[in-house]
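**Q** Starting off with a structure, shown below.
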Amino acid sequence: MTTVTPTAVESDNLDSFRTELRGFLRDHTPPPVHGGSAIADELTPADVERQRAWQRQLHDGGWAGVAWPKSHGGRGAGARQQLAFHEEIALAGGDTMTGLFLVALSHAGPTVIARGTPEQQQRWLPGILRGEIIAAQCFSEPGAGSDLAAISTRAVVDGDALIVTGEKRWSTFAQYADIAELLVRTDPFSRHGGLTYAVVDLDSPGITIRPLRTIGGPSEFCEVRFDEVRVPLANVIGAVGQGWQVATTTLLFERSTITAPIVLGALHALRRLSQLVADDPVATAEVAELTVRALAVRALLEQSVDEQEAGIEGAGPSALKLLATELNYDVRHLHARHDQSASQPWFTSFGLRIGGGTSEIQKTIIAERVLGLPRHR
């Protein structure tokens, strides 16, 4: 990796950013993270409203969409400031994964900013920032997960709309969402060129959402069925047949933004765990080993942040996603062994190694783009 050293001005800006944010957090308390995870329990309507209200407070305080450009209502924060934002939220007891607004803030909104029309940006972005619009992702299917180009949910153009029929699965928090990122097949004869990306209103006629109960207990994921659902062509991001290119943009945002909260959350868990096992020399040694790993991944995260700000591109997001989610799994496993109440974050850690591209997919990307190995077929 290329070394990028922050300037004194950047450091001063970061210090003032943290000071301002801490002042805001002293007066505004984030909603609690249930049992160490935002999804440890079934969310009640009151829980959902608390998260919407928190997003409104962030908006009114000038902290909504901290990574979004100012031209679209965001804070315009640099990558190091984004990392500091997650860290300060965690220290205040909040959810660094941004709860129900993870999809909307971290990749649906940024995708609309990068690929949407001005009309589409005006339609969805202000509502996301104000806490009025929760988004879900309807990409994966029973037969198409890591191989996203294999999706079979079909859509045909009918006048000014797409008619969508098919089934999506593993759509996180879809039962609470207002809209969803939707990837459909509009051309059965073209694998990548036959996909189309659209935003769908989840209250549209013909949509059935069925929560799926996980091994940990809560219904985090959903099955979403589409039965001849009309999606206006005005909701298509890019153009019909350009869905693969738009989805690639979404996945890049997803893999980049998920890493910092995972790493910071693992470090926070290790601090709690070190106190819990202080009288157990074997466990203490395990915590020390994992802490070294976590600090190494944190250093890699900071290096990647510097490169991002310098405009340097590479396989960094894939490497970080791989290392962070595997580290998180090991930390959460150890924590659960010593504290039964910490079992839910361990169950959640399984999914984090799959969502946003499995660990195996990230290894393939690194092998091809960093090591120069032959392309996987």
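**Q** Quick one: with all protein chains in place, what share of the accessible area of the chain is carbon or sulfur, to the nearest percent (1.4 Å probe)?
**A** For the chain, the apolar C and S fraction of the accessible surface comes to 54 percent.
**Q** Over the Cα atoms of the range 113-155, what is the Rg over Rh ratio if Rh follows Kirkwood?
**A** Rg/Rh: 1.12.
**Q** Kirkwood Rh over Cα pairs of the range 159-224 into Stokes-Einstein at 10 °C, 1.306 mPa s: D in µm²/s?
**A** Once the numbers are plugged in, D ends up at 120 µm²/s.
**Q** Sticking with this one: Out of the chymotrypsin sites (Phe, Trp or Tyr not before Pro) in the range 132-216, which ones are loop residues according to DSSP with at most 10 other C-beta atoms within 10 Å?
**A** Phe189
**Q** Provide the FRET efficiency to the nearest 0.05 for the Ala114-Glu289 pair, computing r from the beta carbons and using R0 = 30 Å.
**A** Calculated transfer efficiency: 0.15.
**Q** Something else about it: Quick one: what are the phi-derived ³J(HN,Hα) couplings along the range 282-298, Karplus 6.51/-1.76/1.60 with θ = phi - 60°, whole Hz, x for glycine and proline?
**A** Ordered by residue, 3J(HN,Hα) equals 5, 5, 4, 5, 5, 5, 4, 5, 5, 5, 4, 4, 5, 5, 5, 5, 4 Hz.
**Q** Which stretch or stretches of the range 153-171 have amide N atoms under 14 Å from the point lying 7 Å from Arg210's Cα along the Cα→Cβ direction?
**A** 166-171
**Q** Further question on the same structure: Whole number in Å², please: accessible area per residue of the chain, 1.4 Å probe, ligands, DNA and RNA not counted.
**A** 47
**Q** Give me the Kirkwood hydrodynamic radius of the range 28-138 in Å, from all C-alpha pairs, to one decimal place?
**A** Kirkwood hydrodynamic radius for the range 28-138: 14.3 Å.
**Q** Something else now. Residues in the range 189-210 near a label at Ala150, defined as backbone nitrogen under 19 Å from the 7 Å Cα→Cβ point?
**A** 189-196
**Q** Cα convex hull of the range 150-269: how many Å³ per residue?
**A** 119
**Q** Can you pull the one-decimal nm distance between simple spin-label points at Arg375 and Gln122, each 7 Å off the Cα toward Cβ?
**A** It works out to 4.1 nm between the two label points.
**Q** Between His28 and Ala239, what is the label-to-label distance in nm when each label sits 7 Å out along the Cα-to-Cβ direction?
**A** With each label placed 7 Å out from Cα toward Cβ, I get 4.1 nm.
**Q** How large is the Rg to Rh ratio of the range 329-374 when both quantities use alpha carbon positions and Rh follows Kirkwood?
**A** 1.22
**Q** Using only Cα atoms, figure out Rg for the range 189-249 and give it as a multiple of 2.2 N^0.38 Å.
**A** In units of the globular-protein estimate, the range 189-249 measures up at 1.39.
**Q** Among (i) 43, 22, 18; (ii) 49, 21, 18; (iii) 33, 23, 23, which one is semi-axes √(5λ) of the Cα gyration tensor in Å computed from these coordinates?
**A** (iii)
**Q** Here's a follow-up. What spacing in nm lies between the two simple spin-label points modelled at Asp280 and Asp227, each 7 Å away from Cα in the Cβ direction?
**A** Label at Asp280, label at Asp227, 5.1 nm between them.
The values are calculated or read from the model by the stated rules, or taken from the named source; none is laboratory data. Model, not experiment: these values are computed from the prediction. A quick note on method: Cβ atoms are made from the backbone with ideal geometry, for glycine too, and the neighbour counts reach across all protein chains shown. When the accessible area is computed, the model is the full protein with side chains, heavy atoms only, and any ligands, DNA or RNA have been set aside. Shrake-Rupley method; radii C 1.70, N 1.55, O 1.52, S 1.80 Å.
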